[in-house]
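Peer 1: The structure's right below; bear with me while I get my questions together.
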Amino acid sequence: MGADDKIKNTAQDLSGKAKEAVGKATDNDRLEAEGRADRAEANLKQAGENVKDAFR
C-alpha cells in the first residue's frame, strides 16, 4: 500500500471520529452519522488496500 493512501485513510478515519464525537456532544444525530459513515468508508478503503497488498 502506498504511504499516501495510508495517510489519507487515517486522516479520514480521524476526521470521522471527530465528527462523531462532536455530534454526540451536541446531540446532532446527522453529524454523528456522518462521522460513522466517514469512518466506515476509511475502513473499507484500508481493507481494499490490504487485499491489494496481499496479492503483490
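Peer 1: Tell me, rounded to the nearest percent, the portion of alpha carbon pairs in the chain spaced more than 14 Å apart.
Peer 2: Of all Cα-Cα distances in the chain, 54 percent exceed 14 Å.
Peer 1: So, one more: Once label points are set 7 Å from the Cα along Cα→Cβ at both Asp5 and Arg36, what is their separation, rounded to one decimal in nm?
Peer 2: 2.8 nm
Peer 1: Okay, next question. In degrees between 0 and 90, to the nearest 10, how far off the longest principal axis of the chain does helix 29-54 point, with axes built from Cα atoms?
Peer 2: Long axis of 29-54 versus the principal axis of the chain: about 10 degrees.
Peer 1: What's the angle, to the nearest 10 degrees (0 to 90), between helix 3-25's Cα axis and the longest principal axis of the chain?
Peer 2: Between helix and principal axis, roughly 20 degrees.
Peer 1: To continue, here is another question. Could you work out the helix-only [θ] at 222 nm for the chain, with each DSSP H run of four or more residues adding -39,500 (n - 2.57) and the total divided by the number of residues, to the nearest 500 deg cm²/dmol?
Peer 2: Taking each H run of at least 4 residues, the total per residue is -31000 deg cm²/dmol.
Every number in this text was worked out from the coordinates using simple rules, so none of it is lab data. Since this is a predicted model, take the numbers as computed values, not measurements. Please note: Cβ atoms are built from the backbone with ideal geometry, for glycine as well, and neighbour counts cover all protein chains shown.
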